[in-house]
Each structure stands twice: as C-alpha cells, then as structure tokens.
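Report on the structure given below.
What follows draws every value from the coordinates through simple rules; no lab data is involved. As the structure is a prediction and not an experimental result, all values here were calculated from the model. Every residue, glycine among them, receives a Cβ derived from its backbone with ideal geometry; neighbour counts consider all protein chains shown.
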Amino acid sequence: MASTPLSRRQSALGSDSRRASIDPSRLVPMDKVSALSGTGDFNVVFVGAGNIMFGSDEGPWNHSFRFEHKLGPRLKVVALIDPAVDRAAAVLQKKCETFVKSAYENTRVYKTLDDYVKNYNRKEAPRAFVVGSPPMFRGTTQPGRDIELQILHHFPDTALFIEKPVATGPSSEIDEAFKVAKAIEEKGTITSVGYMLRYLKAVQMMKQVIEENNLTVMATIARYACAYEAIAKPDWWNKAKSAGPIVEQGTHFCDLSRYFGGEVDISTVSAHSLEWDENAGHLSKMSIDETAIPPENRIPRVTAATWKYASGAVGSFTHLVALQGHDYSCELEVYADGYQLKLVNPYVQPVLYIRRPGSDHEESHRFPDDDPFFSEISVWIDNIEDIEEDPETSHILCSFEDACKSYQLTWAIREASERSRAERLKIQAEAGKQ
Ligand SMILES: NC(=O)c1ccc[n+]([C@@H]2O[C@H](COP(=O)([O-])OP(=O)(O)OC[C@H]3O[C@@H](n4cnc5c(N)ncnc54)[C@H](O)[C@@H]3O)[C@@H](O)[C@H]2O)c1
C-alpha cells in the first residue's frame, strides 16, 4: 500500500491538535452513507474479542458492527487474536448465525500475534489491524506488551486502529509509548486512536465556530461524572489493574480538553482527590466487593485538576465516581472572548449550547442519530482506501502521538492528586503527634 496519501493527510493533522477538523455535515450516520467506492475484499485482523470489538450492554461501542456497515460484503476478518480462544470462538459463532456470516466464516482464531505470524497466509494479507486488547498489554517497547511495534515489523504497510488509552503501565513507561509513536510516524503507517468523542458532530461544530471566528481559547472546563453502580468490572476499581479512573476513563475528557486547548504544560498540573477512606467518599451502591482490593489500590471518588496550556489558557477537569443508575453526566465548556461553547451529555444525547458576542442568548443544537464510533471507523477506512481526494477533508483526528500526550496528561493528574493526598496525610499525622 502506498504511503504518500497518508503522509499528506498526517502532515495536515500535524502535531498541533487544534488545527485538524472535519466539516460536521460530512459526518453522516451509518444508514445515510453512500456505498463505498473501493472494491475487493477488505481483510482485517481484530486483536481482542471483547466488548469494544463485539459490543456489550455497557454502552454503544461495537467496532465489528460499524465495520460490517462501512464495508458490507467486502469485509473479511481474516484473524481474531485473543488468548481467550473460547470467547473468540463464541463471538464468531454468533456472527456466523447472521447475515454477516461471509465476513467471519473463514476467520481463524489465534492466541497471540506470533501464532498468527507463524501461520500467515500471504493470500489473505490484511489491510488493517484493529487493536482492542486491554491497554496493559500494549503501548510499550517490552516483549509481550509491544504489539504495535510487532505489527509494524511484520506488516509494515498495514494500517492501525488502536483503542484508547495507548497504555496503562506505570508512569515510568510513558516514554516508551512516545517511542512507539515515533516508530509509527517514521514508518508512515495510517494510524488512528479511538478517542471517538473528537468525531462527534457537536465537537466538530465547536471546532467550526472557533476556526470561522478565528478564536483563541481562554479556558476549558470539563466534568465527567460516571454512573458507578453500572460498573461491574472489578479491574476498573483497582488502580493496579486499570491505572485508575482518570487514566482509564477520564482520558476521553482530558483528550477532548487538549483537542480544544492545545498542548498542556505538564509541569503546571495540580490536583486534589476525595478518597475511598474519607467520610465523604463512602459509596452505598457499588456492585463489586472493594474489600478484595488492597487499600492502596482503591480508586478515588473525586479528582479535581487544573493546568496551564502552552498558549496560556487554563484547563480544569473534575472526575466523579458518584452517580448511580446507568447514564453518565458529562460536560465540557470552552471559552473564548465573547463565546461560550458548552457540550452536554456527549455519550447519550449530545447537546451543544452556544453563547455568542453581543447577546445573552444561548443557542442550542441537537444531533440526533450521530454515531462517533461509526465516524471514526469510517474516516480511518477512507484514509486507508484513499477515496477522499480533497486533502482538507476526512482527517484522522487522533494520531498515536496525540493520544500519548493525552495519556501523559492523565498520569500527571493522577500523580498530582496522589502527591497532594500524601502531603495532607503527612500534615495530619504530624498534627496528631502534637
Ligand atoms: N472508546 C470507548 O468508548 C471504549 C469503550 C470500551 C472499551 N474501550 C477500550 O477498549 C479496550 C478493550 O476494552 P474491552 O471493554 O473490550 O475489554 P474486554 O475485557 O471486554 O475485552 C478485552 C479482550 O482482550 C483479550 N486480551 C487480553 N490480552 C490480550 C492480548 N495480549 N492480545 C489480544 N487480546 C487480549 C481478552 O481476553 C478479552 O477478550 C480498552 O482499552 C478500553 O479502554 C474503549
């Protein structure tokens, strides 16, 4: 596959995350997309047979479903890599019982990428890898946790889609994620990272307002309140397993804040947390047994952070593990001279409120049927197929390097909150001694 078109698009994206955008009118739902102009089988390898790939009751994500709609009968999943082979076999069996059978009837299951490479059939060369394995197994340069580098080595011309976050190892490994980003850039591999909120029509409309009015962002204010009652994965509640709610989940809003605010001056990040062992941190409806998690690995209930962007603008983010029920409550406000752009409920039913100069009125915009999971897959495939001739359209909105920067910000927030907790405990202990 030629890498020239990619280089053109990726240079359009560049390292400044504030420039790239898509005209919101180009983001159309699955059922309104006109037929893809490419031809022939589109061979894909899926890494991970879990919820992000095949769906669950926890949310609208389900990459396989979007691939089926984007590629129709052209889709051929040539391999599914997952150490849980029974789970992989079960999802394939289910697919083969439906009208999308032709995409999965010849899919081979492998426990590891190495097994796939050993049994590789050139006639079924993949055009793309979709990596949805847990982040603790990727994003580094270490054997067994370096799947991106292994794919680059064995399949240098094959595109990559990687789920967020890029990794969840210790913060000392963040540099390794940046090394992976460099290797991807050097190879010119078409790569997209799954920060799908960037592809929301509402988000692209915010970009449009900023670009058309030549605005300079003054502040981003983000709030992410998850519905903890619905979170039943024990690993999510264990910092040693998932790296905690900022790195694993708040990452979406840290990324979106950066998308509008630009580069963060990491040295300015400060944060406070409300922890599980403080009176206000008691939760009455957890669906897991937290006593099975070592105290030092239990997650904070509230984390509130502020930082400076390189531009001088100020960012703030509050993550809460506080709500019950099912739906999350999330908002992002972006301010510029005379403007307030307020994105409400991006996960469930996005609404964008805009206040403009010279008026106290708040316009509201709704986006029924918007599907950012489809848009991110659709744009990525269009880039692989190079069917978009206009270099100003259909940019991949999040490169691996950009995603590394969001990962770095989330770790900086977690570590700043842990430092401030340690300082507070020290002061309390000293006061107790007196
Ligand atoms: N963008 C979103 O909104 C969104 C939503 C859900 C999940 N995700 C992301 O997708 C990723 C996977 O999450 P999930 O919910 O599907 O998890 P999951 O636990 O449901 O599935 C992960 C699968 O990967 C398999 N696996 C483990 N080690 C592997 C390895 N080394 N190679 C290949 N497969 C391996 C597991 O056996 C499991 O089947 C995470 O990074 C998560 O943050 C993103």
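Structural remarks
- Listed residues Gly48, Gly244, Gly338, most fluctuating in the chain (Gaussian network, C-alpha, under 10 Å): Gly338
- Annotation note: GluC sites (Glu not before Pro) in segment 209-306 located in DSSP loop regions with a Cβ neighbour count of at most 16 within 10 Å are Glu263, Glu278.
- Applying 1/(1 + (r/R0)^6) with R0 = 60 Å to the Cβ-Cβ distance of Ser311 and Lys118 gives a FRET efficiency near 0.75.
- Relative to the globular-protein estimate of 2.2 N^0.38 Å, the Cα radius of gyration of segment 164-247 stands at 1.46.
- Gain on full stretching of the segment that runs from Ser420 to Lys285 - 0.36 nm per residue minus C-alpha separation: 45.9 nm
- Farthest toward positive dipole pole in the chain [+1 Lys/Arg, -1 Asp/Glu at C-beta], among Ser316, Gly144, Gly72: Gly144
- For the chain, a simple Cβ point-charge model (Lys and Arg +1, Asp and Glu -1, everything else neutral) yields a dipole of about 500 debye relative to the Cα centre.
- For the chain, share of DSSP beta bridges that run antiparallel, in % to the nearest 5: 55
- Of the chymotrypsin sites (Phe, Trp or Tyr not before Pro) in segment 289-364, not one is in a loop by DSSP (not H, G, I, E or B) with at most 13 other beta carbons within 10 Å.
- Here's the picture: charge each Lys and Arg Cβ at +1 and each Asp and Glu Cβ at -1 in the chain, and of Gly50, Ile162, Leu409 the one pushed furthest to the positive end of that dipole is Gly50.
- Cut-off 20 Å (backbone N to label point 7 Å along Cα→Cβ of Ser56), residues of segment 94-114: 94-95
- Once each of the trypsin sites (Lys or Arg not before Pro) sitting in a DSSP loop with at most 13 other beta-carbon atoms within 10 Å is removed, the chain keeps 112-284 as its longest stretch.
- Rounded to whole Å, the principal axis extents of the Cα atoms in segment 93-144 read 40, 25, 19, largest first.
- Using all pairs of distinct alpha-carbon atoms, the Kirkwood hydrodynamic radius of segment 207-369 works out to 17.1 angstrom.
- Highest-MSF residue in the chain out of Phe374, Phe260, Phe137 [GNM, Cα springs under 10 Å]: Phe137
- Segment 231-247 residues near the modelled Glu296 label - backbone nitrogen below 15 Å, point 7 Å along Cα→Cβ: 239-241
- Rounded to the nearest 500, the 222 nm mean residue ellipticity of the chain from helices alone is -10000 deg cm²/dmol, with -39,500 (n - 2.57) taken per DSSP H run of at least 4 residues.
- Exceeding the 20 Å Cα-Cα cut-off - candidates Lys70/Lys118; Lys239/Lys426; Lys76/Lys123: Lys70/Lys118; Lys239/Lys426
- For the residue pairs Lys207/Lys342; Lys32/Lys94; Lys32/Lys342, alpha carbon separations beyond 18 Å are given by Lys32/Lys94; Lys32/Lys342.
- Candidates Ala225, Ala310, Ala403, ranked by Gaussian network fluctuation over the chain, Cα under 10 Å, top entry: Ala310
- Calculated from the alpha-carbon coordinates, the chain shows an Rg and a Dmax of 21.8, 77 Å respectively.
- Calculated FRET value between Lys179 and Lys101, using beta carbons and R₀ = 60 Å, to 0.05: 0.90
- Average Cα contact separation per residue, the chain, under 8 Å, 6 or more apart, as relative contact order %: 20
- Segment 112-202: Rg to Rh, with Rh as the Kirkwood radius over Cα pairs: 0.98
- Between Ser25 and Ala431, the modelled labels are 6.0 nm apart [label points 7 Å from Cα along Cα→Cβ].
- Rounded Å value of the spacing that divides the Cα centres of segment 57-87 and segment 206-225: 34
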